[in-house]
Each structure stands twice: as structure tokens, then as C-alpha cells.
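Data block below; observations after.
The values are calculated or read from the model by the stated rules, or taken from the named source; none is laboratory data. On a predicted model such as this, the values are computed, not experimentally measured, just so you know. Glycine gets a Cβ as well: all are built from the backbone with ideal geometry, and neighbour counts include every protein chain shown.
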Amino acid sequence: MSAVSEPSLSAWVDMGRDVDLALALAEGRATGPAADEVRRRLRLYIGQLVGPAEAYAKTLADARAQAIVEQTAAHARALLRDQDGDPAAMLRLLGKATYCLMRYGT
């Protein structure tokens, strides 16, 4: 397995912008090429962030906090497998999962 390097500052900014864009698109135009591209990028981000989030969970002494991070990571992995469903809901779920994983990676 190859090591995943930590995202650069500009990558963090891009992730944050895409989260905001996903939530905005979910409120208006959740279908089409732009929304598809945002969903694709969010899935890439989740793939990059889920491993470090799981590693972070293992460092937590508080069992409840550890369980929350582990469950968040598990939910994010499940979103990666789910390609169907309501486009607006998927944008929201992918955006919010990315946001949570970003918090665990900083």
C-alpha cells in the first residue's frame, strides 16, 4: 500500500470550496456536468482523507470520541460505494463527509 501524503494548503482550500459548492448545488442544480464533477472530486477527497481520519481515531484516548471518528470514516467509505440515490442528497452527504474528514486531518 502506498503512503498518502498530506494535502497541501491549496488542496485544503480547494476541498473547502468544493464542499461549499456541493451544498450550494444541492439547493439548486444537483444534476448535470458541474454537479457530476463536484461529486467526483468529493469522492477523491474522501478517498484521500478517510485513511488519515482512521489513523487519527486510533490516537484518541476518549473511547466515545474515537467511536465517532471511526463511524464517520465508515460512513464516508460507504458513500464511496454508493453511486445511486437522490443527486441533491448525495451532494450534501459527500460534502459534509468531506468536511468532517478534513477536520480530523488538521
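Some notes on this structure:
- Exclusive hit being of a type in the set (A, V, I, L, M, F, W, C) and touching a Lys or Arg at 6+ places or on another chain (Cβ under 8 Å), set 42, 60, 94, 49: 94
- Residue in the range 46-56 that is farther than 22 Å from residue 103 by Cβ and either of a type outside the set (A, V, I, L, M, F, W, C) or modelled with pLDDT under 95 (or both) present: no
- Pairs are defined by a Cβ separation below 6 Å, a sequence spacing of at least 6 or placement on different chains, a first member in the range 52-68 that is closer than 10 Å to residue 104 by Cβ, and a second member that is of a type in the set (Ser, Thr, Tyr) and in a helix (DSSP H, G or I); the pairs so defined are 53/104; 56/104.
- The set of residues from the range 55-101 being among the β-branched types (Val, Ile, Thr) and closer than 15 Å to residue 38 by Cβ comprises just one member, 98.
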